[in-house]
Amino acid sequence: MKAESAKARRKLPLDTPSHFADNAIKDLSGALTALLADFFAVYIKTKNFHWHMSGPHFRDYHLLLDEQGEQIFAATDDIAERVRKIGGTTLRSIGQINSQKRILDNDAAFVTPNDMLSELRDDNLQLVDEMRQVHDLCDEHGDVATASLLENWIDEAERRVWFLFEATRDISHKA
């Protein structure tokens, strides 16, 4: 009897009450879930580069990437919970993250520190672009709460881009 009730419970829908129309829930949940997959991809890449950093600026870069990784990871729970609040469902597995992410992996055995920081700068720029697109979708569906969260995450990502840019900037050639 217990096995049958467990099977029945697994089929129950996760119907969170929402004031959004079904199409808005689908659009917003899909966009936020893809964004969440990208946040996880950037987080893992940031930690990968943090763990494999080398060179004369090791300590500074190692700490910078640790700080940025914590910030990126902190947003993941808020993104997933926002999907649930609006009535949708979100990521359930690493496989789903892999199938939905748009950020490219870097599995190279060695990456120079400058290339690490430059690649993360570009990945964060990509996140900014994707978040702006989701923000437009929020405006279209009147989702002011998600739009407000996105504005803060965009600001954080732009700050990461700025720091990564400045850390890789060659100032030896003065104009």
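What residue, among those in the stretch 165-175 that are without any contact (Cβ under 8 Å) to a residue 60 or more places away in the chain and assigned to a helix (DSSP H, G or I), is surrounded by the fewest Cβ atoms within 10 Å (Cβ to Cβ)?
Step one: list which residues in the stretch 165-175 are without any contact (Cβ under 8 Å) to a residue 60 or more places away in the chain, which gives 165-166, 168-175.
The next check asks that each one be assigned to a helix (DSSP H, G or I); those that pass are 165-166, 168.
On the way: 165: 14, 166: 11, 168: 15.
That would be 166.
So, in the stretch 63-94, exactly how many residues are assigned to a helix (DSSP H, G or I) and either open to solvent by 10 Å² or more (accessible area, probe 1.4 Å) or among the polar types (S, T, N, Q) (or both)? Steps first, answer last, please.
At the first step, the residues of the stretch 63-94 found to be assigned to a helix (DSSP H, G or I) are 63-85, 94.
Retained after the next criterion (residues that are either open to solvent by 10 Å² or more (accessible area, probe 1.4 Å) or among the polar types (S, T, N, Q) (or both)): 63-64, 66-68, 70-71, 73-74, 76-78, 80-82, 84-85, 94.
The qualifying residues number 18.
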* Asked: Given the structure, is residue 160 in a helix (DSSP H, G or I), over 15 Å from residue 36 (Cβ atoms), in contact with a helix residue (DSSP H, G or I) (Cβ under 9 Å, 6 or more places away or on another chain) and open to solvent by less than 20 Å² (accessible area, probe 1.4 Å)?
  -> yes
* Could you say which residue among 38, 27 is at pLDDT 95 or above, under 28 Å from residue 98 (Cβ atoms), open to solvent by 50 Å² or more (accessible area, probe 1.4 Å) and of a type in the set (Asp, Glu)? -> 27
* So residue 34, is it within 30 Å of residue 111 (Cβ to Cβ) and in a helix (DSSP H, G or I) -> yes
* Asked: Looking at the stretch 110-125, is at least one residue in a helix (DSSP H, G or I), open to solvent by 60 Å² or more (accessible area, probe 1.4 Å) and either in contact (Cβ under 8 Å) with a residue 60 or more places away in the chain or under 30 Å from residue 20 (Cβ atoms) (or both)?
  -> yes
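Tell me, yes or no, whether the stretch 135-155 has at least one residue that is more than 16 Å from residue 32 (Cβ to Cβ), open to solvent by 80 Å² or more (accessible area, probe 1.4 Å), of a type outside the set (Asp, Glu) and assigned to a helix (DSSP H, G or I).
First, the residues of the stretch 135-155 that are more than 16 Å from residue 32 (Cβ to Cβ): 155.
Subsequent filtering for residues that are open to solvent by 80 Å² or more (accessible area, probe 1.4 Å) retains 155.
Narrowing further to those that are of a type outside the set (Asp, Glu): none.
Scanning the stretch 135-155 turns up no residue that is more than 16 Å from residue 32 (Cβ to Cβ), open to solvent by 80 Å² or more (accessible area, probe 1.4 Å), of a type outside the set (Asp, Glu) and assigned to a helix (DSSP H, G or I).
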* Among (1) closer than 26 Å to residue 30 by Cβ; (2) assigned to a helix (DSSP H, G or I), which single condition is residue 105 missing? -> (2)
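The values are calculated or read from the model by the stated rules, or taken from the named source; none is laboratory data. Because the structure is a prediction, the values reported are computed rather than measured. Neighbour counts run over all protein chains shown; Cβ positions are idealised from the backbone, glycine included. Surface areas here come from the heavy atoms of the whole protein model, side chains and all, with no ligands, DNA or RNA. Shrake-Rupley method; radii C 1.70, N 1.55, O 1.52, S 1.80 Å.
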